[in-house]
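Note sheet for the following structure.
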Amino acid sequence: MRSKIVAGNWKMNKNLAETDALLAELSAKLPDTTAEVMVAPTFVNLTGALSTLESSTIQVIAQNMHFAENGAYTGEISADMLLNIGINTVIIGHSERRAYFGETDEILAKKVKAALAKNMRVMFCFGEELQDRKSDNHFNIVESQLRNALFDLEASAWKNIILAYEPVWAIGTGETASPEQAQEMHAFIRKTITDAFDVTIANEVSILYGGSVKPNNAVEIFSKPDVDGGLIGGASLIADDFMAIVKAI
Ligand code: PGA
């Protein structure tokens, strides 16, 4: 059975004191749930977050990493550095990394391989832009993003993959894909993985939806059979909103 997951991507928000305060509130308010609940604070606050959440089931994950083992890559963070402080899961391919930091499918494929080689879990993000959807090219774009980064992996690597479908036009815009649009794409993703690998892998991988998930739309989106949870940006910065979304799963 695939996991249900709700993850909060804090992006470049919350200083140390604010991180501590939000995490304390989240762990106090966490409802009883079988879903995995994750938060991704900024790099400098990961160690603090791990210690604040020591006795909580909320997992701390990273927003990004570099593909190299180590070396002359000023400003970057390696898989080993994350593992060494106790971070085992990393978000790779967020649309903001693609759009603002020039991360191509080729770079993302290297990052995915580097993380998997260290036995990390990868939350791989992908999704089409508005013009792709308007020109009815969204299935092709999603298929090529998956193929370019993931389809030459060993079948055994898939147990460490979480997918997050995030249509770029829905991220931070307040506009969300309709539950039907999310379901349609998630079913397409599962079929694409079935064709490239097999139906067991396709049925076991958790596929999250991301893009303006809020307390008032989470229940409907999460009720769709191929939606296994959400990657939450803005609403993950407000404890009550994030916890309402966790309850929705
Ligand atoms: P949003 O962000 O929930 O603020 O739209 C989602 C994301 O970027 O993962």
Report task. For the stretch 30-128, please list each of the helices (runs of 4 or more DSSP H) lying entirely inside it that holds at least 2 residues being crowded, with 16+ Cβ neighbours inside 10 Å and away from the ligand (no atom under 16 Å from the Cβ). Result -> 46-52, 79-85, 105-117
Query raised in the report: Which of (1) assigned to a loop (DSSP other than H, G, I, E, B); (2) at pLDDT 95 or above; (3) among the hydrophobic types (A, V, I, L, M, F, W, C) is the odd one out, the single condition Ala17 does not satisfy?
Result: (1)
Report task. Give the stretch 122-162 a look and list any residue that's in contact (Cβ under 8 Å) with a residue 60 or more places away in the chain and closer than 28 Å to Asn84 by Cβ, or say none. Result -> Met123, Cys125, Ile162
Query raised in the report: Quick one: would you say Asn137 is within 14 Å of Trp169 (Cβ to Cβ) and surrounded by fewer than 17 Cβ atoms within 10 Å (Cβ to Cβ)?
Result: yes
**Report entry** Residues of the stretch 217-249 satisfying the condition of being more than 13 Å from the ligand (Cβ to nearest atom) and in a loop (DSSP other than H, G, I, E, B)
**Finding:** Ser223, Lys224, Pro225, Asp226, Val227, Asp228, Ile249
Requested in this report: Hey, can you tell me all the residues within the stretch 22-77 that are of a type in the set (D, E, K, R) and more than 15 Å from Asn9 (Cα to Cα)?
Outcome: Glu25, Lys29, Asp32, Glu54, Glu69, Glu76
Query - Residue count for the stretch 1-21, restricted to those that are within 16 Å of the ligand (Cβ to nearest atom) and either of a type in the set (D, E, K, R) or touching a Lys or Arg at 6+ places or on another chain (Cβ under 6 Å) (or both) - result: 2
Query raised in the report: Quick check: anything in the stretch 152-162 hydroxyl-bearing (Ser, Thr, Tyr) and part of a helix (DSSP H, G or I)?
Result: yes
**Report entry** Scope the stretch 177-213; condition over 15 Å from Pro225 (Cβ atoms) and in contact (Cβ under 8 Å) with a residue 60 or more places away in the chain; matching residues
**Finding:** Gly210, Gly211
Requested in this report: Tell me, yes or no, whether the stretch 216-227 has at least one residue that is out of contact with any helix residue (DSSP H, G or I) (no Cβ under 9 Å at 6 or more places or on another chain), of a type in the set (Asp, Glu) and either open to solvent by 10 Å² or more (accessible area, probe 1.4 Å) or touching a residue at least 40 places away in the same chain (Cβ under 8 Å) (or both).
Outcome: no
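The values are calculated or read from the model by the stated rules, or taken from the named source; none is laboratory data. Worth saying up front: this structure is predicted, and the values here are computed from it rather than measured. So basically every Cβ, Gly included, is an ideal-geometry build from the backbone, and we count neighbours across all protein chains shown. Keep in mind that these areas ignore ligands, DNA and RNA; they rest on the heavy atoms of the full protein, side chains included. Shrake-Rupley method; radii C 1.70, N 1.55, O 1.52, S 1.80 Å.
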